[in-house]
Amino acid sequence: MVGPAAGRALNTAAIRYFQEVVRAGSFRKTADKIHIAASAINRHVRLLEEELGAQLFERGKGRRGIRLTVAGEVLSRRVQY
């Protein structure tokens, strides 16, 4: 992934939250699981998106939930642990 963050270390907390959201399928479920406010998780993920210069999730309204973008799929594969 080439973007503004190329060659720099990324925020490890944001990457952890990103991966937890991928696993859980929603910010709310992630918040419940790791006991962090959903708004804080969302903020970290948005900052990560800014660092990378790419949107990682398509965010739907209400129950439509979220879906990974192509960039999100690439990042998810690269940071699996």
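Tallying residues that are in contact (Cβ under 8 Å) with a residue 40 or more places away in the chain and under 12 Å from the mean Cα position of the chain (by Cα) within segment 51-81 yields 11. Looking across segment 24-43 at every residue that is within 17 Å of residue 61 (Cβ to Cβ) and polar (S, T, N, Q), the one that is most open to solvent (accessible area, probe 1.4 Å) is identified as 39. Just need a number here: residues in segment 35-81 that are among the small types (Gly, Ala, Ser) and under 16 Å from residue 24 (Cβ atoms). Of the residues in segment 35-81, 8 are among the small types (Gly, Ala, Ser) and under 16 Å from residue 24 (Cβ atoms).
The values are calculated or read from the model by the stated rules, or taken from the named source; none is laboratory data. The structure presented is a predicted model; accordingly, all values stated were derived computationally and were not measured. Using ideal geometry, Cβ is built from the backbone for each residue, glycine included, and neighbour counts are taken over all protein chains shown. Accessible surface areas use protein heavy atoms only, side chains included; no ligands, DNA or RNA. Shrake-Rupley method; radii C 1.70, N 1.55, O 1.52, S 1.80 Å.
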